[in-house]
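Please read the structure below before turning to the comments.
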């Protein structure tokens with residue numbers, strides 16, 4: 001029986017495992033976490049909409065119903081392509097076929113100060129720390145007599161006008177305006193400020209211009225300050241430094257301005273594309289190694305002259321293709337090149353407010369776009385319990401404005417200045 005190893009339990013890795021299930025292949029899925037994470041909803045954990053366990057599902061529970069698929073919790077340190085061995089921190093795993101679906105990590109563009117002092121929306125533990133940090137800032141602001149320091153504590157800077165940045169900014173504004181303003185009657189809502197910085201000339205660049213304009217207008221109506229053509233150059237304690245020489249007093253930076261291939265790619269001496277992604281053949285294999293597939297954010301492949309985007313759709317379709325192709329090759333069947341089918345894009349801005357561009361033909365905004373966004377995310381969320389709990393949370397929030405997960409689980413220390421978040425150590429394998 002042929003052996004396959006899948007690195008990563010994200011969207012791509014999970015689809016590859018399902019495609020190989022029951023196909024007469026002994027497959028091993030390796031990940032540094034023991035759960036599958038639904039990253040698109042991390043921003044709702046950060047803004048007190050959802051509990052963290054509602055967007056995570058145990059890997060072994062997902063895989064135990066798949067015939068011939070096993071799981072190993074481990075840290076991948078490298079791959080020996082010539083000898084067909086995956087190296088882990090606690091041993092090795094050999095393979096006949098390999099699917100690398102290690103995903104991506106946040107790209108800070110060499111700005112160490114940003115890396116050390118900002119948050120991102122790539123991991124569950126750091127997202128929970130962001131939620132705690134936001135609530136702690138309000139606690140500190142409630143007892144801060146200095147208006148300037150209080151304003152800096154209540155100013156939240158979001159860098160990056162993609163879906164993660166826009167959705168987080170809108171969600172945080174709703175949390176502040178409909179919950180925290182009642183929790184902290186001693187604070188003036190006018191002291192709070194959410195600033196969305198975008199280096200390009202528009203937000204949500206994947207959407208048509210009319211929908212980008214709609215999103216920008218809705219964010220402004222909600223009270224989010226959007227600053228286009230604005231670049232960040234670094235950060236200091238209590239300050240976000242801008243490329244034009246000015247700065248924004250703030251103790252909170254959410255960085256969503258870019259991603260790059262997971263560190264696993266850098267361990268391989270093969271050709272890379274933009275963002276350190278591994279260049280692959282049309283069948284998603286590494287040149288010279290037809291038994292090694294690279295899918296999702298880790299892979300660089302141009303289709304119709306444009307690199308495939310680093311989004312969940314690409315990872316899911318690539319993972320399913322890799323698993324199916326492995327089975328076909330074992331059976332000696334012909335294989336067609338991978339072809340990504342773009343189903344469209346969507347982004348939610350706030351309550352009853354979203355933008356959808358489906359299949360390039362159906363473009364709509366407002367309530368129905370918002371409902372479509374909710375339905376699609378519930379559909380792709382793993383686990384019946386998670387779908388039910390997320391649905392209940394959304395129902396309660398919609399009708400009762402109940403963002404109830406406002407719990408600080410760690411003791412808060414009284415300090416004159418707010419310490420920046422410690423940089424998270426990025427390990428080799430990130431699911432995607």
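The values are calculated or read from the model by the stated rules, or taken from the named source; none is laboratory data. Keep in mind that this is a model prediction, so the values were computed, not measured. Virtual Cβ from ideal backbone geometry, glycine too; neighbours counted across all protein chains shown.
For the reader, a short list of remarks on this structure follows.
Results for (1) in contact with a strand residue (DSSP E or B) (Cβ under 8 Å, 6 or more places away or on another chain); (2) modelled with pLDDT under 95; (3) not assigned by TED's automatic domain parsing to the domain that holds residue 159, shown as yes or no for each residue.
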site	(1), (2), (3)
232	yes, no, no
245	no, no, no
248	yes, no, no
271	yes, no, yes
282	no, no, yes
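- Residue among 200, 217, 143 that alone is over 20 Å from the mean Cα position of the chain (by Cα), closer than 25 Å to residue 122 by Cβ and at pLDDT 95 or above: 200
- Every condition in (1) within 21 Å of residue 263 (Cβ to Cβ); (2) surrounded by fewer than 20 Cβ atoms within 10 Å (Cβ to Cβ); (3) in contact with a strand residue (DSSP E or B) (Cβ under 7 Å, 6 or more places away or on another chain); (4) touching a residue at least 24 places away in the same chain (Cβ under 8 Å) holds for residue 115 except the one numbered (3).
Matching residues to (1) in a loop (DSSP other than H, G, I, E, B); (2) in contact (Cβ under 8 Å) with a residue 12 or more places away in the chain:
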site	(1), (2)
205	yes, yes
210	no, yes
219	no, yes
245	yes, no
270	yes, yes
297	no, yes
309	yes, yes
315	no, yes
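- Residue 50 vs. criteria more than 23 Å from residue 293 (Cα to Cα), in contact (Cβ under 8 Å) with a residue 40 or more places away in the chain, in contact with a helix residue (DSSP H, G or I) (Cβ under 6 Å, 6 or more places away or on another chain) and part of a helix (DSSP H, G or I): no
- Some residue of the stretch 4-12 being in contact (Cβ under 8 Å) with a residue 12 or more places away in the chain, in contact with a strand residue (DSSP E or B) (Cβ under 6 Å, 6 or more places away or on another chain) and surrounded by fewer than 18 Cβ atoms within 10 Å (Cβ to Cβ): no
- Taken over the stretch 375-401, the residue count meeting the criterion of being out of contact with any strand residue (DSSP E or B) (no Cβ under 8 Å at 6 or more places or on another chain) and crowded, with 16+ Cβ neighbours inside 10 Å is 8.
- Flag for residue 367 being outside the structural domain of residue 8 (by TED's automatic domain parsing), closer than 30 Å to residue 47 by Cβ and either in contact with a strand residue (DSSP E or B) (Cβ under 8 Å, 6 or more places away or on another chain) or without any contact (Cβ under 8 Å) to a residue 40 or more places away in the chain (or both): yes
- Test: residue in the stretch 80-88 that is assigned to a loop (DSSP other than H, G, I, E, B) and assigned by TED's automatic domain parsing to the domain that holds residue 164: no
- Residue within the stretch 181-192 that is touching a residue at least 40 places away in the same chain (Cβ under 8 Å) and in contact with a strand residue (DSSP E or B) (Cβ under 9 Å, 6 or more places away or on another chain) present: yes
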